[in-house]
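For reference, the structure is listed below as structure tokens.
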Amino acid sequence: MEPVIQSISAVERPPSPGGARTLARFTVQLGDVRLYGLLLREFPDGTRRTIAPNVGGQHCASFQPAIAEKITKAASKALAGGQIADSLIRRTA
């Protein structure tokens, strides 16, 4: 199952205490499941990770490493001007 980025918006935030900075907030479609409010973060060494939003002080989702990497790559591509979901493009056209 390939992740499809439904929407993405750049975020301007200073780095967190751990040194990571938030680059974007996005929505991803994974098969029949859509996840909102995910964060794309970049760490000082240049690696990027997808972070699930917090609900009640805990992350509301987690991903196995293989799917997390696919989501992060798709979000990075979309942020850099890559294609996002066709359905979103049709709605705004």
Amide H to amide H under 5 Å from Ala24: which residues, 5+ apart in sequence or cross-chain, H placed 1.01 Å off N in plane? Val11, Leu40
For a quick check: with amide H placed at 1.01 Å from N, whose amide H comes under 5 Å from Ser7's, ignoring anything fewer than 5 positions away on the same chain? Thr27
Over segment 4-92, what is the relative contact order in whole percent, taking alpha-carbon pairs under 8 Å and six or more residues apart? 27 percent
Integer Hz, Karplus 6.51/-1.76/1.60 couplings in order for segment 11-24, x for Gly and Pro: 10, 9, 9, x, x, 6, x, x, x, 7, 10, 7, 9, 7
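Readers should treat all values here as calculations from the given coordinates under stated rules, not as data from a laboratory. All values reported here derive from a predicted model rather than from experimental measurement.
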